[in-house]
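Nothing in this text is a laboratory measurement; each read-out follows from the coordinates by a stated rule. Small disclaimer: the values here were computed from a predicted structure and weren't measured. With ideal geometry, Cβ positions are generated from the backbone for all residues, glycine too; neighbour counts draw on all protein chains shown.
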Amino acid sequence: MAEEKASKDLRTDKLADPVSATIDEASQLMIQRAHELGIETVFDRAVTMKPCNIGTQGTCCKNCAMGPCRLPLPKSGIEGKDDRKGLCGATPNTIAARNFIRMIAGGAAAHSDHGRCVAEVFMSAARKETEAYRIKDVDKLLSIAPHFDVAITVEVDGKQLDRDIDEIAVEVAEKALNEWGKAEGELCYLKRAPASLYEKWKKNGVLPRNIDREIVEIMHRTHIGVDQDYKNLIKQGTRAAIADGWGGSMLATDLQDVLFGTPYPLQSEANLGVLKEDHVNIIIHGHEPVLSEMIVAAAQTSEMVEYAKSKGAKGIQLSGICCTANEILQRHGVPLCGTFLQQELAIITGACDAMVVDIQCIMQNIANVAACFHTKLITTHPIAKMEQENVIHIEFDEHHAMEDAKRIIKLAIDNFKNRGAEVMIPKHKHLQIAGFGVESIEYHLGGTFRGSYYTLNDNIINGRIRGIAGVVGCNNARTRHNEGHIAVVKELIKNDVIVLTTGCNGIACAMEGLLTPETAAVFCGPGLAEVCETVGIPPVLHMGSCVDNSRILLAATKVVEAGGLGNDISDLPVAGSAPEWMSEKAISIGHYFVASGVYTVFGVTLPTTGAPVFQKYLFEDLEKMYGGMWDLEVDPVKHAQKMIAHIDKKRKALGIDRTRERVLVDMATRRELETA
Ligand code: BF8
């Protein structure tokens, strides 16, 4: 069947070589399978379609109809004065900076609009306008309320009593929603950052006023004939990126935790092998857990399970792609089916009865691939539809969420009988421990006794842990799938750097088996291995989806607060990385890491190489303002080594660069030291 429907004109010389396309054997098998069935995937298109060289350099301006003006950097570079300019006179620096901050606007908008959607559902739940959603994590609600100046106690007859939870919830919801468009002041969460970082933002004039405004202002400033100073453009990019990391994304993470529960470590599996031939396979793909939480709940009802059995299946197997996968993994242990680049391959197994998508990172070609199989492709979000006729749109609404979720699941179950003979599920999958967050790291590495990150800091100071790396981000079909992710992470843990991961890097690490405690003995340096074995954690801690990079910011803040490692995130022996990035969200994340004081290295390419002066500003000058800066390194081992060199530089500055004998200090001596 698939052979009949698929296009017959795929020429082998225009097809991707599976082994060159990905390091993952399951994916190699499925690319091969796609070729046998005559189905084209992103890997093949990456062979036939070359990226535009000038766009790659960041120096193509298409912000008005006099252009596009294309300003390539000559291969030999430019000696002396750079005379390149567009029709209006825009320099390469202006053009690249405009393009760069428009990417920040795109990324910040995506994260923050997701956050707004969650805030609206939270408001409905707080006002009890929906049956489907309830406040699940009251402790988390109480922990964030003070950041919005919402009181959690009330004075009655001179006594402080606990305030009514419903009242607190409504007030937090109102204040949180206000963050997108308030007329005055600054974002409430900014003061969660270390005081010295907040002061740097203030001094540099980049405290975000409200989330929407910073994004809109980027679109205004980058319109023809407005802001034509790359430094001033980046200033606004910085303000919008902070509004993402310490605003929209952080709100998304917190409110999701309040509604759906704060993640704690749990066991699951990862890779295409999680699909089950004898089950109804529903793959949830996208980013907002508002829908997927409901599908997880509905799929577990006996009504749905019995319905699946009545149609000849043994049950319902849910799995996820992209960050929706990470969300339902972190909170429910639902297995990861694959990364961004595996979305077509999951359908090519022939075992996907329905793929349910919401927003972000959904390739339009999955509709073409689904048309070659029985797979129902269901879009659910009013802002994300597809033009292909085989796509079904079932709009999801929080007011009748459970009914919508059951309707979607029934559609998948009814489709089970339509599977063709072409089912081929790779066996490959790996166990993983996921579900880490600020709270669980505190528990595992700090302990409830001290209630802080003390033990983590202690192990950094004594050198067992050399530093902390945040390794995050996408896959990119312009580079070998997962190769950069895995090589960077392995090089870091080999050198005793503990890794915090999110997004598709988290999925890649899970598929490779790096998210198990047993990994420590195999891949880690002796210090990190000892800590992991003692505490029972993997050397790579999965912190969730891309909006959950806000968890990494807060974990870094906790490390600062625990003491002994300086006063700011920029003092810490930490570094950031996105080895295979491709999305605008990654640029926004990279920039808020940099603006928060983190040296951040990207792989593949950066759209700044055609404007060397602007690139130098990002790579060097920003460090003087925020303590963090950008870098680009395509080679994964050199990439990791640059991060390690930065970590070592910070260790030296802190005076902890030499391994010290561990001195156990009793409480009395500690008090003496503290008062000294
Ligand atoms: O937000 S890492 S490919 S899935 S953009 Fe997309 Fe990139 Fe994956 Fe999640 Ni993040």
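Results, tabulated for the structure shown:
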{"quantity": "Most to least packed among 309-315, 508-514, 438-444 [average Cβ atoms within 10 Å]", "calculated": "508-514, 438-444, 309-315"}
{"quantity": "Hydrodynamic radius by Kirkwood, which averages 1/r over all alpha carbon pairs of region 558-645, in angstrom", "calculated": "13.4"}
{"quantity": "Value of D in µm² per second that Stokes-Einstein yields for region 232-304, Kirkwood Rh from Cα pairs, at 4 °C (1.567 mPa s)", "calculated": "82"}
{"quantity": "Relative contact order of region 281-432, pairs being alpha-carbon contacts under 8 Å that are 6 or more residues apart, as %", "calculated": "28"}
{"quantity": "Whole-Hz couplings from phi, Karplus 6.51/-1.76/1.60, listed for region 429-440; x for Gly and Pro", "calculated": "7, 9, 5, 8, 10, 10, x, 8, x, 4, 5, 6"}
{"quantity": "Computed [θ] at 222 nm, helices only, for the chain once each DSSP H run of length n ≥ 4 contributes -39500 (n - 2.57)", "calculated": "-13500 deg cm²/dmol"}
{"quantity": "Qualifying chymotrypsin sites (Phe, Trp or Tyr not before Pro) in region 545-637, DSSP loop, other Cβ atoms within 10 Å at most 14", "calculated": "none"}
{"quantity": "Contour minus Cα-Cα distance for Asp397 and Lys494 (0.36 nm per residue)", "calculated": "30.2 nm"}
{"quantity": "Part-to-part distance (alpha-carbon centres) for region 174-222 and region 329-397, which is given in Å", "calculated": "35"}
{"quantity": "Interchain or long-range residues, amide H under 5 Å from Gly338's placed H", "calculated": "Asn271, Gly320, Cys322"}
{"quantity": "Long pairs among Lys558/Lys624; Lys191/Lys231; Lys50/Lys85; Lys203/Lys638; Lys429/Lys652; Lys429/Lys650, criterion Cα-Cα beyond 30 Å", "calculated": "Lys203/Lys638; Lys429/Lys652; Lys429/Lys650"}
{"quantity": "Long-range HN-HN contacts of Gly628 with modeled amide H, under 5 Å", "calculated": "Gly597, Val598"}
{"quantity": "Zero-based 5 Å bins, Cα pair distances in region 367-406, whole percents", "calculated": "6, 24, 25, 20, 15, 8, 2"}
{"quantity": "For region 281-400, the Rg and Dmax computed from alpha carbons only, in angstrom", "calculated": "13.4, 35"}
{"quantity": "Region 484-622: relative contact order as a whole-number percent, Cα under 8 Å and 6+ apart", "calculated": "19"}
{"quantity": "Other-chain or far-sequence residues with amide H under 5 Å of Ile468's (modelled H)", "calculated": "Val574, Ala575"}
{"quantity": "Most to least packed among 340-353, 254-267 [average Cβ atoms within 10 Å]", "calculated": "340-353, 254-267"}
{"quantity": "Listed residues Gly437, Val497, Ile460: farthest to the positive end of the dipole of region 425-506 (Cβ charges)", "calculated": "Val497"}
{"quantity": "Within region 84-105, backbone nitrogen closer than 20 Å to the virtual label 7 Å beyond the Cα of Met66 toward Cβ", "calculated": "84-100"}
{"quantity": "Percent of beta bridges antiparallel (DSSP, the chain, rounded to nearest 5)", "calculated": "25"}
{"quantity": "Glu518 paired with Glu174, simple spin-label distance in nm, labels 7 Å along Cα-to-beta-carbon", "calculated": "5.4"}
{"quantity": "Cα lying deepest toward the dipole's positive end in region 85-235, options Ile218, Leu187, Gly115, charges on Cβ", "calculated": "Ile218"}
{"quantity": "Average projection area in nm² (convex hull over Cα atoms of region 100-220, one quarter of hull surface)", "calculated": "9.8"}
{"quantity": "Extended-chain gain in nm, criterion 0.36 nm per residue less alpha-carbon gap, Glu303 and Met49", "calculated": "86.7 nm"}
{"quantity": "Size of electric dipole in region 90-192: Cβ of Lys, Arg +1 and of Asp, Glu -1, about Cα centre, debye, nearest 20", "calculated": "640"}
{"quantity": "Student exercise, the chain dipole from Lys, Arg, Asp, Glu Cβ charges, in Debye to nearest 20", "calculated": "1740"}
{"quantity": "Relative contact order of the chain, pairs being alpha-carbon contacts under 8 Å that are 6 or more residues apart, as %", "calculated": "16"}
{"quantity": "Over region 423-483: Kirkwood hydrodynamic radius from C-alpha pairwise inverse distances, Å", "calculated": "15.2"}
{"quantity": "Under the Karplus curve 6.51 cos²θ - 1.76 cosθ + 1.60, θ = phi - 60°, whole-Hz ³J(HN,Hα) for region 416-426, x wherever Gly or Pro sits", "calculated": "3, 5, 8, 4, x, 7, 8, 5, 8, 9, x"}
{"quantity": "Charge dipole (debye, nearest 20) of region 381-485; +1 at Cβ of Lys and Arg, -1 at Cβ of Asp and Glu", "calculated": "640"}
{"quantity": "Scattering profile of the chain at q = 0.05, 0.11, 0.12 Å⁻¹ [log10 I(q)/I(0), Debye over alpha-carbon scatterers]", "calculated": "-0.23, -1.16, -1.37"}
{"quantity": "Region 527-582 versus region 122-163: alpha-carbon centroid distance in Å", "calculated": "29"}
{"quantity": "In order through region 393-406: 3J(HN,Hα) via Karplus (6.51 cos²θ - 1.76 cosθ + 1.60), integer Hz, x for Gly, Pro", "calculated": "10, 10, 6, 8, 9, 5, 7, 9, 5, 5, 4, 4, 4, 5"}
{"quantity": "Nitroxide proxy distance, nm - points 7 Å out along Cα→Cβ at Asp166 and Ala653", "calculated": "5.2"}
{"quantity": "Sorted peptide list for 366-373, 97-104, 396-403, criterion being average Cβ within 10 angstrom, highest first", "calculated": "97-104, 366-373, 396-403"}
